[in-house]
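Data first, discussion second: the structure below is written as structure tokens.
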Amino acid sequence: QRLVGTHADITERKSAEAELILEHTKLEMVTQNVGAGLAIISKDYRTVWTNKVMGDLYGETVGRNCFQAYNGRPAVCPNCGVQEIFESGKERVVHEQWGEDAKGNPICAEIVATPVRDKDGTVVAALEMVTPITERKRAEKELRLTQFSVEHASDAVFWMDSQARIVYVNEAACLSLG
């Protein structure tokens, strides 16, 4: 019987692997704490990667078409920022959109799409940053309703600042006070 073997020093490789794991862990921590969902969308509109925030918002979407996974559509969404990035070459496209989260709750999000380029500068994908703004939108609606109610109230309404200067009057105040 014969025994043949080789010996190789893998210290350097193990060190590089440990460094790579550390960098990956740091990247995951940053993308989780950015406060927005992040998704990389390929040129065929498939979700290639998402951060945990995006997963919490929409469930598992990696490998699925973005338009179906996030909006339940059979084709690219109207006013799609990713499509605009791919077709126009813009560096940034921003829009707001209402939809549903993974639990079926209404959600409004500000979506910022930017290109992902390879080392030669060619656009190979798009990054979408999805920031939930549902509560802000609800507060804006309530503010508009309150503003409308004050402006159209039959009673005179006026506001004064700390120096007793009138800074706002509604229509009824103008009519009654002149």
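The values are calculated or read from the model by the stated rules, or taken from the named source; none is laboratory data. The model shown is predicted, which means the values in this text are computed figures rather than measured ones. Keep in mind that these areas ignore ligands, DNA and RNA; they rest on the heavy atoms of the full protein, side chains included. Shrake-Rupley method; radii C 1.70, N 1.55, O 1.52, S 1.80 Å.
Below, the figures for the structure above:
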| quantity | calculated |
| --- | --- |
| Computed over the range 32-176: relative contact order in percent, which uses C-alpha pairs under 8 Å that are six or more apart | 18 |
| Expected 222 nm ellipticity per residue - DSSP helices of 4 or more, -39500 (n - 2.57), all of the chain, to 500 | -12000 deg cm²/dmol |
| For the chain, built as a Gaussian network whose Cα springs stay under 10 Å, the top-fluctuating residue of TYR70, TYR45, TYR168 | TYR168 |
| ³J(HN,Hα) computed for each position of the range 97-104 - Karplus, 6.51 cos²θ - 1.76 cosθ + 1.60, integer Hz, glycine/proline x | 8, 8, x, 10, 7, 5, 9, x |
| Per residue solvent-accessible surface (Å²) - the range 47-149, probe of 1.4 Å | 60 |
